[in-house]
Amino acid sequence: MMKKIEHIGIAVNDLEVSNLVFEKLFGAPAYKFEEVESEGVTTSFFKNGPNKIELLAATNPDSPIAKFLAKKGEGIHHIAFEVEDIVLEIARLKSEGFVVLNEAPKMGADNKWVAFLHPKSTNGVLIELCQEIK
Ligand code: ZN
C-alpha cells in the first residue's frame, strides 16, 4: 500500500539557478545532489519540515526531463509516494488498470527503488512509487 507522499518532483531548466531559488524559499540549502545517468537527470533535494522537494534538470536532450520541459516548461513533474513493497504495489496497480511504465522497479535517486505510472492513466499526473533500498 501507499504510505505517504515521499516527495514532489519539479522540473527546472537550470539546476544551479533553481537551487538558489529554493534555498531562499526554505532558508536552507539542498541536502543532497545526485546525478542519475540512466535517466539523463541531475537532481537536488530539499527538506522542509517532514516534506521533501526534488528538483530535476536534464543532462542531455534525450532525457525525459528535457522532453517534459520542451512540452510543458518548468513546473511540477511528478508526485512520489512511498510504498511498503514496490513489487506488490506495481502488480496491484496494474491489476487496477493503471499503465505502469516500469514492469520492474529500477534504481532511482536518493537510494530508492522507483517505478512510474503513466499520466494518461492518472488524470495527467505522473506518479512515482518509491521504496527505500535497504
Ligand atoms: Zn522523484
Write down, largest first, the equivalent ellipsoid semi-axes of the stretch 40-100 in whole Å, where each equals the square root of 5 times an eigenvalue of the alpha-carbon gyration tensor.
25, 18, 10
What FRET efficiency, computed as 1/(1 + (r/R0)^6) with R0 = 25 Å and r the Cβ-Cβ distance, is obtained for A70 and H118, rounded to the nearest 0.05?
0.85
Most fluctuating of S63, S95, S18 in the GNM of the chain (C-alpha, under 10 Å) is S95
Going highest first, how would you order 104-113, 19-28 by mean Cβ packing within 10 Å?
104-113, 19-28
Distance in nm between label sites at A91 and E34, each 7 Å beyond Cα in the beta-carbon direction?
2.6
Mind listing which GluC sites (Glu not before Pro) in the stretch 75-111 are in a DSSP loop and have 13 or fewer other Cβ atoms within 10 Å?
E84, E96, E103
Global size of the chain as Cα Rg and Dmax, reported in angstrom:
14.5, 43
When the dipole is taken about the Cα centre of the stretch 46-116, and only Lys, Arg (+1) and Asp, Glu (-1) are charged at their Cβ, what size is it in debye, to the nearest 20?
240
Using Cα atoms only, what is the angle between the long axis of helix 86-95 and the major principal axis of the chain, expressed in degrees (0 to 90) to the nearest 10?
60
Going by amide H atoms built from the backbone, whose H comes under 5 Å of the H on L126, apart from near neighbours?
I79
Out of C130, S95, N111, whose Cα points farthest toward the positive end of the dipole of the chain (charges: +1 Lys, Arg; -1 Asp, Glu; placed on Cβ)?
S95
Thinking of the stretch 6-51 as a set of Cα atoms, what percent of all their pairs are more than 14 Å apart?
50
Find the relative contact order for the stretch 1-70 and round it to a whole percent, using C-alpha pairs within less than 8 Å whose residues are 6+ positions apart.
34
Under 13 Å between C-alpha atoms is the cut-off here; go through the chain and count lysine pairs that meet it, provided they're at least eight residues apart or on different chains.
5
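Here, each number is a calculation from the coordinates, and none is a lab measurement. Given the structure is predicted, the values throughout are model-derived calculations rather than measurements. We place every Cβ from the backbone using ideal geometry, glycine too, and count neighbours over all the protein chains shown.
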